[in-house]
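Below is one structure; the comments refer to it alone.
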Amino acid sequence: MLAAAVAILAGLGAPGPPEALWQIGRTGDGFADLALAGDYRTYPVRFPRGIAYTVGTSAPDRDWPFIHPGPDDAWAGRGTHPFRIRFVVERVPRWPCRLVVETADTHSSQPPLLAITLNGTELARRRLPAGAGDASLVDPVRGRRSTVAVPFAASRLRAGVNEIALVVLAGSWLLYDALRLETDPAIPPRPDLAGLRAESTLLFRREGGRLLQAVRLSVENRGLEGSAEAWVSGAGGERRRVQLPSGSSELHLLIEPLRRRTPLRAGVRCGAGEWTTQFEGRPERRWTVFAAPSSHTDIGYTDLQERTFLRHCENTLRALRAAARDPAFKWNLEVAWQAALLEQRFPEEMPGLVRRAREGRIGVQGLYLNMLTGLCSGEELIEALARAQWLGRRHGFRVESANLSDVPTSAGTLPMLLSGNGVRYFAEAVNSQRGPLFAGAPASFKQSPFWWEALDGSRVLAIFTEQYAQAGTLGLTQSAEELGRRLPGWLRQFDRPDYPGDAVYVYGAFSDNVAMSPNYSRVAAEWNRRWAYPRVVVGRVDEFFRYVERTAGRGLPVLRGDFGAYWEDGAGSSARETALVRRARTRLEAAERWLALSSLGGTPFPTKALRDAWENILFYDEHTWGAWCSVSQPESEQTRMQWQYKRAYAERAAEQADRLYEAALAGLASP
């Protein structure tokens, strides 16, 4: 028995207003009376094993944190964080109960999916609305309040010890204001709909050899959970028994695929009550979603460079282990350097990577690093592309696609250089911060395939997407349920007459130097068992382009020219080092010509020394320019040490270029 018990005597007499059985926090106080108020970064230290709160002995300002992290929160170690509340009831109350969770705010772009269980049985899963922004982390007044109310039958409680657990299954944080458990005789004892909405969807399922289209019913049940009959009238609509949970829920009914806009009716019957709604059904494309999973490669930024190097080796090794377990598993190395790094640090693992690349299970991309192409000379971009081709030729696999991630644009000479190096397909994930590429472009350009043509007439099939790690944003790395919540709405942007074909591209899966999880392969398989369309294809980058080229390539638009330069101006923040690299680049280009001429007379050509010098130039002109905290914490260890590492690339390149330049002159001068 716990040290303190909550005496439950409510509901034994006549019906009355709601009566609180217990409460954590004061409603309307923001989070001033909760633990860690305004200091979220100390959560992992103070509560490393989650929360175990005992009503009657625990204190809100000591034992219940104001913030509840989710799997998207790297600062809290990702993963899930159970918040458990233990309480004792002496008698099970007569009237229905309701758990009320009042929040001061939620994450603005990745709101949490909150799961609530009672004594080990799930009561509800609720997606909380998006919040106001990070300012509320220190000032709850700047948040966007919301309330989650979960009614349930009192019989779910038991005399004695009970436990309610709250877990954020997906998304990011929520900020608590208060929680309470109450009884309320006004809660209807069976389903009682406060709202019903129906719409046709772009989901299709095969049943009995027939392809059927799904209609989604959105139900708001203010009563308790119970059985009901749901139906759709028209287009051969389905009628079946369903179990309606309390609160907001969705269910799908099937109809014949629509060929034109069609008026339809849907309804829900429970006992003597029936609720109906009218809506217009619409025909939909059968979409195929090509997801090309990878982890974004920053040389530093999130942590010291050497630690990020280890992370990408770990990711490649995880991918190799997953490929050995799952015949359907596929992965992409975002940049070719990831393969070169594995060969350097874990040479014994390279045969496994080569085998998977030859099988088409792991894609190796054509750019060595994520370059700021506006800083690069033509020779430097050739170097950035040649390294992937060297790898492929040496190990017997083809490299025909290239990624460029987390930069606003790329130079207009790139299609010519890609094509000249055997790369046919190009995907760029645009970071629009200070580089509004899509702002002045037609909607048909955004995340839509096109032919990018260079001045010499060479072409690559290309796509520019909005950001990277899109598979994670869409829930593919989490669960089929989360994918179902996010994917249909995202696909609506392509439901326009000018979008070519029936395939869309999902760029990457994991953000900046994030550890990969092979879970997306399982989620895709589960999704495809549920739905025929949209069909999710997890594969290499080139698989999307090959499909589009075959099915819609002739009708794609042709774009020519340059998309401008935006982030390249940042190199001016390190003017000395940038000047060193520009000078080194010029000297290397001259030295290569003269050394090649000298080699005709028998002088050995210094291939390795030249490659090493270009390597340092490539790493300097790569897009990562400083630590994540370089502006907010300019004197921090991360800021100083990451810059020392970056600066060393420039200084080494300058020294190497000078030596090679002088050696080239000496070679020309020798008899």
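The values are calculated or read from the model by the stated rules, or taken from the named source; none is laboratory data. Because the structure is a prediction, the values reported are computed rather than measured. Neighbour counts run over all protein chains shown; Cβ positions are idealised from the backbone, glycine included.
Residues checked against (1) more than 20 Å from ALA178 (Cα to Cα); (2) in the same structural domain as PRO140 (by TED's automatic domain parsing); (3) part of a helix (DSSP H, G or I):
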residue: TRP75; (1), (2), (3): yes, yes, yes
residue: ARG78; (1), (2), (3): yes, yes, no
residue: ILE85; (1), (2), (3): no, yes, no
residue: VAL88; (1), (2), (3): no, yes, no
residue: PRO93; (1), (2), (3): yes, yes, no
residue: LEU99; (1), (2), (3): no, yes, no
residue: ALA104; (1), (2), (3): no, yes, no
residue: PRO111; (1), (2), (3): no, yes, no
Lone unmet requirement of (1) surrounded by fewer than 22 Cβ atoms within 10 Å (Cβ to Cβ); (2) more than 18 Å from ASN315 (Cβ to Cβ) for SER517: (2)
Among THR262, THR302, THR297, THR308, which is the only one that is among the polar types (S, T, N, Q), outside the structural domain of PHE494 (by TED's automatic domain parsing), surrounded by 15 or more Cβ atoms within 10 Å (Cβ to Cβ) and more than 30 Å from ILE187 (Cα to Cα)? THR262
Is it the case that the stretch 239-246 has a residue that's under 30 Å from ASP512 (Cα atoms) and polar (S, T, N, Q)? no
Considering the stretch 370-396, residues that are in contact with a Phe, Trp or Tyr (Cβ under 8 Å, 6 or more places away or on another chain) and of a type in the set (D, E, K, R), and then whichever is farthest from GLU622 (Cα to Cα), we arrive at ARG387
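Would you pick out the residues in the stretch 416-475 that are of a type in the set (A, V, I, L, M, F, W, C), out of contact with any Pro (no Cβ under 8 Å at 6 or more places or on another chain) and closer than 22 Å to VAL289 by Cβ? Walk me through it before giving the result.
Keep residues of the stretch 416-475 that are of a type in the set (A, V, I, L, M, F, W, C), which gives 416-418, 423, 426-427, 429-430, 437-439, 441, 443, 445, 450-452, 454-455, 460-464, 469, 471, 474.
Retained after the next criterion (residues that are out of contact with any Pro (no Cβ under 8 Å at 6 or more places or on another chain)): 416-418, 423, 427, 429, 438-439, 441, 443, 445, 455, 464, 469, 474.
Within the stretch 416-475, ALA427, ALA429, PHE438, ALA443, PHE445, PHE464, ALA469, LEU474 qualify.
Wholly within the stretch 117-228, which strands (runs of 3 or more DSSP E) include no fewer than the required count, namely at least 1 residues that are touching a residue at least 60 places away in the same chain (Cβ under 8 Å) and over 30 Å from ARG286 (Cβ atoms)?
On the way: elements: 121-127, 146-152, 160-170, 174-183, 193-207, 210-221.
Passing ranges, in order: 121-127, 146-152, 160-170, 174-183, 193-207.
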Of the residues that make up the stretch 490-502, is at least one over 24 Å from TRP331 (Cα atoms), in contact (Cβ under 8 Å) with a residue 12 or more places away in the chain and among the acidic types (Asp, Glu)? yes
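Looking for whichever is farther than 30 Å from ASP498 by Cα and without any contact (Cβ under 8 Å) to a residue 40 or more places away in the chain here; the options are ALA650, ALA579, ALA584. Which one fits?
Working: ALA650 fails: without any contact (Cβ under 8 Å) to a residue 40 or more places away in the chain; ALA584 fails: without any contact (Cβ under 8 Å) to a residue 40 or more places away in the chain.
Only one candidate qualifies: ALA579.
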Within the stretch 483-511, residues within 13 Å of the chain's Cα centre (by Cα) and buried (at least 20 other Cβ atoms within 10 Å of the Cβ) come out as LEU483, LEU487, VAL506, TYR507, GLY508, ALA509, PHE510
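Tell me the helices (runs of 4 or more DSSP H) entirely within the stretch 403-515 that contain at least 1 residues that are at pLDDT 95 or above and more than 19 Å from VAL537 (Cα to Cα). Step through it out loud before you land on a result.
Numbers: elements: 414-420, 470-473, 480-491.
Fully inside the stretch 403-515 and qualifying: 414-420.
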Please verify whether the stretch 19-27 includes one or more residues that are crowded, with 16+ Cβ neighbours inside 10 Å, at pLDDT 90 or above, assigned by TED's automatic domain parsing to the domain that holds PRO140 and part of a helix (DSSP H, G or I). no
Taking the options VAL558, VAL541, VAL548, VAL536, name whichever one is closer than 30 Å to GLN433 by Cβ, exposed (fewer than 15 other Cβ atoms within 10 Å of the Cβ) and hydrophobic (A, V, I, L, M, F, W, C). VAL558
Within the stretch 622-643, residues more than 17 Å from ALA571 (Cβ to Cβ) and in contact with a Phe, Trp or Tyr (Cβ under 7 Å, 6 or more places away or on another chain) come out as TRP628
Considering residues of the stretch 397-410 that are in contact (Cβ under 8 Å) with a residue 60 or more places away in the chain and charged (D, E, K, R) only, the residue surrounded by the fewest Cβ atoms within 10 Å (Cβ to Cβ): GLU400
Is it true that LEU474 is touching a Gly at 6+ places or on another chain (Cβ under 6 Å), in the same structural domain as TRP451 (by TED's automatic domain parsing), under 30 Å from LEU254 (Cα atoms) and among the hydrophobic types (A, V, I, L, M, F, W, C)? no
Inside the stretch 411-450, can you point out the residues that are buried (at least 23 other Cβ atoms within 10 Å of the Cβ) and closer than 22 Å to ASN513 by Cα? PHE426, ALA427, GLU428, ALA429, VAL430
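Looking only at the stretch 64-75, decide whether some residue is in contact with a helix residue (DSSP H, G or I) (Cβ under 7 Å, 6 or more places away or on another chain) and surrounded by fewer than 21 Cβ atoms within 10 Å (Cβ to Cβ). Spell out the reasoning first.
Start the filter on the stretch 64-75 by keeping residues that are in contact with a helix residue (DSSP H, G or I) (Cβ under 7 Å, 6 or more places away or on another chain), which leaves 65, 67, 69, 75.
Then keep just the ones that are surrounded by fewer than 21 Cβ atoms within 10 Å (Cβ to Cβ); that gives 75.
Yes: the stretch 64-75 contains one or more residues that are in contact with a helix residue (DSSP H, G or I) (Cβ under 7 Å, 6 or more places away or on another chain) and surrounded by fewer than 21 Cβ atoms within 10 Å (Cβ to Cβ).
Being under 29 Å from ALA648 (Cβ atoms) and either outside any helix (DSSP H, G or I) or in contact with an Asp or Glu (Cβ under 6 Å, 6 or more places away or on another chain) (or both): is that true of THR316 here?
Numbers: under 29 Å from ALA648 (Cβ atoms): yes; either outside any helix (DSSP H, G or I) or in contact with an Asp or Glu (Cβ under 6 Å, 6 or more places away or on another chain) (or both): no.
No.
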Output the qualifying pairs, or none if there are none: Cβ atoms under 7 angstrom, residues six or more apart or on different chains, first residue in the stretch 70-82 and aromatic (Phe, Trp, Tyr), second residue part of a helix (DSSP H, G or I). TRP75/ARG41
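Within the stretch 573-597, which residues are surrounded by 22 or more Cβ atoms within 10 Å (Cβ to Cβ) and of a type in the set (Ser, Thr, Tyr)? Walk me through how you get there before you give the answer.
Filtering the stretch 573-597 down to residues surrounded by 22 or more Cβ atoms within 10 Å (Cβ to Cβ) leaves 580-581, 584-585, 588, 591, 595.
If the condition is that a residue be surrounded by 22 or more Cβ atoms within 10 Å (Cβ to Cβ) and of a type in the set (Ser, Thr, Tyr), then no residue fits.
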